[in-house]
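This report concerns only the one structure given below.
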Amino acid sequence: MLSIVLIGTGNVAQQFYAAMSNTKGLKIIQVIGRNKKKLSPFKNCPKTATDYKYLLNADIYIIAVNDDSIATVSQYFKNKPGLVVHTSGSMPLSILPESVRRGVFYPLQTISKERKIDLTEVPICIEAEKIEDYDILRELANTISAQVQIITSEQRKLVHLAAVFVNNFTNHLYHIGNELCNETGVPFTILNQLILETAKKATQMPVVNAQTGPAVRNDKLTMKKHLELLNNEGYREIYSVLSNSIQKTHEKKL
């Protein structure tokens, strides 16, 4: 049985706690968070603490805090024998102290408190310095996910960047679309099937072949009309930049 101490109380920590708490072969023995009120979702955990002086010994310490806090928080584990891992997509393994057994346990998914994630379908990207630590991380990952991938820090930072494009930027474009729908009094839900079909195509065929729209057709009149309809200068800039990028990508077709 792997004993686990979870550090953090945010989205990732809560999802991991939900997935690992009742999983055979795993036992979360402690959750540590700076704010006592934010520890309330972990009330069923055997031990919780706001001070690292109460840190228990464990097989694995999972640091699920914001990127800027990882280096500071990880200093508390220098004298602990367990494997110390962070969950960041953008931070390298080397952000953790050299004096600890260190690794990475990164769930490649958008995670919000409002939605429970089925981690069995989420890729877990792992990294370690020692073969035996890879074995431990693989064991941990396999208990909660059907997709486990060994990825280096260099690979992970580019995968994380790709994730920002396909998720964070795309979500912002949904926001813009929502605002445009609101302007004309049409519900954003009218775009639901379009959103779903776009996502399906991106996962079922080469994405470069899935591109449609006025930019790839070089429909200059439509693009001009679209720009005239946009009252927000920032949105006009986004429209132009994306249209130009699409045209450069498909310039052989134009």
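For percent of Cα pairs over 27 Å apart, the value calculated from this model appears in (i) 48; (ii) 35; (iii) 39 under label (i).
Backbone N atoms of the range 21-37 closer than 13 Å to the 7 Å Cα→Cβ label point of Met1 belong to residues 21-30. For the range 44-164, the fraction of C-alpha pairs farther apart than 19 angstrom is 48 percent. In the chain, the longest principal axis of the Cα atoms and the axis of helix 192-204 are about 70 degrees apart.
Rounded to the nearest 10 degrees, the angle from helix 153-163 to the longest Cα principal axis of the chain is 40 degrees. Helix 131-144 and the longest principal axis of the C-alpha atoms of the chain enclose an angle of approximately 70°.
One chain, two ends: Lys224 and Glu129. Fully extended at 0.36 nm per residue, the span grows by 28.8 nm beyond their Cα-Cα distance.
Per-residue ellipticity at 222 nm computed for the chain from its helices equals -12000 deg cm²/dmol, with DSSP H segments shorter than 4 residues left out and the rest contributing -39,500 (n - 2.57). With coordinates expressed along the principal axes, the C-alpha atoms belonging to the range 156-249 extend over 39, 29, 24 Å, beginning with the largest.
Shown in residue order for the range 7-19 are the 3J(HN,Hα) couplings computed by the Karplus curve 6.51 cos²θ - 1.76 cosθ + 1.60 at θ = phi - 60°: 10, x, 10, x, 4, 5, 4, 5, 5, 5, 4, 5, 6 Hz (x for Gly and Pro).
Each of the peptides 64-75, 4-15 was scored by the mean count of other Cβ atoms within 10 Å over its residues; in descending order, highest first, they stand as 4-15, 64-75.
All of the numbers you see were taken from the coordinates with simple rules; none came from a lab. Keep in mind the model is a prediction, meaning the values are calculated, not measured. Counting neighbours? That spans all protein chains shown, and the Cβs are built from the backbone with ideal geometry, glycine included.
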